[in-house]
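Please treat every number below as a calculation from the coordinates, not as lab data. These figures come from a predicted structure and were not determined experimentally. Note: ideal-geometry Cβ built from the backbone for every residue, glycine included; neighbour counts use all protein chains shown.
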């Protein structure tokens, strides 16, 4: 009986065994055969990562191959949220260690510890904690989130050494831009920075990642597409701690193009020195000097002072540095050569002269009397002298009866005022034709140099004045416009480009800054070709007359700094009055109650076969002939390899003729 | 010992055990050593070597136990039982704390897990008490005695805390009680008392254990991600497919997504790398092992031997089922290793020792024509 009962019990146990293992086999069948594809996908998601490989950014050289920008390594620390330990305590330990090494707070509640690391948050002095960054910027459990850039080399090495103890923490070496010339080339080269929130969507559409650095100024921005290259990517296998194990496939990045600028960095240096010295003597706070090859439109040098060290921006500018630059009233971050808009003053007379000649308002022999001061009659009461508007020449005694060549050389205001605005029976050019010719010379529109932030300048017209001032255009306005005053505004580059067109016989070229571009293999992918904006509709004869006037200015005219210069220079000085207010909002006037003036000079050389054209501008610098010309002389001297003059008594502010004697608009 | 008993050495039983042990060494190697960075380290630090070393020791014990007549062992059950209890107490007093459990006794070379040894001795003890050869099974005495003997080690092991082993100990007892032939009415009463005590046991459970059980039945109640291991085990098993990813080529195991893979989750490693084919092969091996152990029970010359074989069969069955069931997420997580396969020196040695005793029973079986039980006919 017992045996039979036992048999049943063993059968029962056997049945339990079969049922249990049967259930397991059924479960295995379901997992491994029925749902296998789904689990295979999960397994692949666990281990595969698509990692972008940044393309090396293009190197920038000057026209002779001198290095201007190179890439140097900089360390950054990122965290892969999904790679951090699951255990909260372990996770906190890892983050604490990272925070300790980087000098960053781990949690929001912690007060920021002192440290010198630069995190890119320009918005304010608040230093975000690691957990805050992770929460705000994490886009997926396996996408690395950068928590610190430009990390101290020592901290980076320690983190790298401890990486087995710090799962989920990545140390990466990123290339950083190092600008060999710093401030000298800062306005041309620009700098790099984070993508702003406003532009983020736009950049992302073009394949950028939120953490990418992009050119935000200068050539770095304008040539962003060429410099950035094409990002590569690699398909990697990682282990449970996000450590790369092997590369499955990789698509190598295509390095960006290397650029050769048209700029000659040594000329640039000489120009900067000359300009700085000129500004010092003139007490000018902002100055611009640009040198161009008038035959092609190549920019050989372009200096805007004050400048800034663009290396400050590499790897993230500190808040203090940025605030200092941004709040400086001289706007060192602004390239005044292309963004500054100023009344061009007498340099603008090249336009008035060309327009009047080509419109047959005058010819070479038309003589007009300069009486020192001319009273422009009121349009509605031409016979009432009390309503007439006085229009003065810088030479109070007047130039007498002069033709256009002498008028340019002596920079006579009344000649050009009368030619443009008319007088007595002389009909004059009129503002519409003047504006049309000015537009032909490129005023009122950006030159298209391609650098970011180029201004258009301003060409006023009757209609413009009605819109902006609610007033009709007066003859006096035409008089002012003829000598580059009143409402006319131009950038130094526009002035230079117009002068270059006079120099080369009437071809207005687009100013260019990129000479050559090569790909990583050294194949030339872009070579500068002169780009004609338009040919000026001015006859060679008339052009020759204008040029003759400019030549005379350098022989015995207002550009007296060039008198006796060994190279034949031609040019036009300018002294442009401007309105400015001080901190109290009062109009700034000199001791004699006159408006302050910008000093201008634009010219070219050699006269018969011009190789260079240049413009010098000193904001509030005073007299063009007195202040701007010496800078131009220095530049020309350097360019043509002339020795410096024997040290003679340096013309200082007291040694030169006083403004009363030398007021040379 | 007569040389003649070796003629009855159960070769299939031994071969099944051997294959399982070899599979274990191989999987331990794959799980822990195959993709470990090639840093110079002593052989002793190689986990697979250690497993093989313990397998060697275990097989020596196996043969030793086979040589010794099990009846001799059973005779010393009291001393064995006291020794086991003493070891457990010693562990409790001086055992080193590792993984939160005081279950390791540190020796010169390796650690002896007292609870592992306790399982074997408990089988011998219960076999002796419940066989009916010494106490009348119709009375309540054997049952009461078995409970009295079970409870002290059970409590000590549970307090370590080693819930898994305590569970196995309980299962061994329950299985042996049933297979011994304790009368059904007694079992029924016992079952009712157990059911009444169940809520009490639940509230005495450690919180982590309650959590695991709760999470098993209500997977969504655990949003903190503590189910990581189970998820990774499922991905490992599922992604294995028919034939697996190849030995040493499991992405889940080699890249360490699967945790505790050389012990608790070694089945997932095998399932990932050798697929459904390999996993079923292992399951079938265990079925064959248990059937073979039951065959030994059927042919045993006395009830002591029958119950020893039965107890070992119950132990291996429950442990295997609970471990694989945990891997495949049809049972809650309990930290139980897979018998003969998972890494672990003392578990392997004591298990082989137990199987050696069963071999001893097998070698001393009665002639097939007059079995103790009319099993299978």
Discussion item. What does the C-alpha gyration tensor say about the overall shape of the range A:49-261? Classify as rounded when a/c is under 1.5, otherwise prolate if a/b is larger than b/c, or oblate.
Written reply: prolate
Worksheet, complete the sentence: In degrees rounded to 10, the 0-90 angle between helix A:431-440 Cα long axis and the longest Cα principal axis of chain A is 50
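When the helices in the protein assembly as shown are scored as -39500 (n - 2.57) per DSSP H run of 4 or longer and the sum is shared across all residues, what 222 nm value do you end up with, to the nearest 500 deg cm²/dmol? Working shown, then result.
Numbers: 36 runs with 461 residues, N = 1042.
Taken over the protein assembly as shown, the calculation gives -14000 deg cm²/dmol.
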Worksheet entry | Cβ-Cβ FRET estimate between residue A:204 and residue A:531, R0 fixed at 45 Å, reported to 0.05 | 0.90
Practice prompt. Report the label-to-label distance for residue A:245 and residue B:90 in nanometres (one decimal), using points 7 Å from each Cα along the Cα→Cβ vector.
Written response: 4.3
Worksheet item: Roughly what angle does helix B:77-94 make with the longest principal axis of chain B, taking Cα atoms, 0 to 90 degrees, to the nearest 10?
Response: 30
Fill in: Among B:289, B:89, B:59, residue whose mean-square fluctuation peaks in a GNM of chain B (springs only between Cα atoms under 10 Å)
B:89
Worksheet entry | Segment residue A:524-residue A:392, length gained on full extension (0.36 nm per residue, minus Cα span) | 42.0 nm
Discussion item. Based only on other Cβ atoms within 10 Å, what is the fewest-to-most ordering of A:136, A:395?
Written reply: A:136, A:395
Response to the item:
When chain B is treated as a Gaussian network with springs between alpha carbons less than 10 Å apart, the largest mean-square fluctuation among B:354, B:148, B:271 is found at B:148
Fill in: Residue-span extension gain [residue A:92 to residue A:173] - 0.36 nm each, minus C-alpha spacing
26.7 nm
Worksheet item: Under a point spin-label approximation (7 Å from Cα along Cα-to-Cβ), what is the residue B:291-residue B:243 distance to one decimal in nm?
Response: 2.7
Worksheet, complete the sentence: Two pseudo-spin positions, 7 Å from Cα along C-beta at residue A:379 and at residue A:30, lie apart in nanometres by 9.4
Discussion item. Which residues among the range B:176-203 fall inside the zone where the amide N is under 15 Å from a point 7 Å beyond the Cα of residue B:140, along Cα→Cβ?
Written reply: B:183-194
Discussion item. As I understand it, the value is the acute angle between the Cα axis of helix B:163-180 and the longest principal axis of the Cα atoms of chain B; what does it come to in degrees, rounded to 10?
Written reply: 30
Discussion item. On alpha carbon coordinates alone, what is the Rg over Rh value for chain A, Rh being the Kirkwood radius?
Written reply: 1.20
Worksheet item: Which residue fluctuates the most in chain B, going by a Gaussian network model with Cα springs under 10 Å, if the choices are B:301, B:339, B:207?
Response: B:207
Worksheet item: When DSSP assigns beta bridges and you keep just the ones with both residues in the protein assembly as shown, what percent turn out antiparallel, to the nearest 5?
Response: 95
Worksheet item: What shape does the range A:262-338 take by its C-alpha gyration tensor, where a ≥ b ≥ c are the square roots of the eigenvalues and a/c under 1.5 counts as rounded, a/b above b/c as prolate, and the rest as oblate?
Response: oblate
Practice prompt. Please label the shape of the range A:429-564 as rounded, prolate or oblate, based on the square roots a ≥ b ≥ c of the eigenvalues of the alpha-carbon gyration tensor (a/c under 1.5 means rounded; beyond that, a/b larger than b/c means prolate, else oblate).
Written response: oblate
Worksheet item: Based on the Cβ-Cβ distance from residue A:135 to residue A:233, what FRET efficiency comes out when R0 is 22 Å, to the nearest 0.05?
Response: 0.25
Fill in: FRET efficiency, 1/(1 + (r/R0)^6) with R0 35 Å, evaluated for residue A:41 and residue A:8 via beta carbons
0.15
Worksheet entry | Backbone N under 15 Å from the residue A:466 label point (7 Å along Cα→Cβ), restricted to the range A:362-395 | none
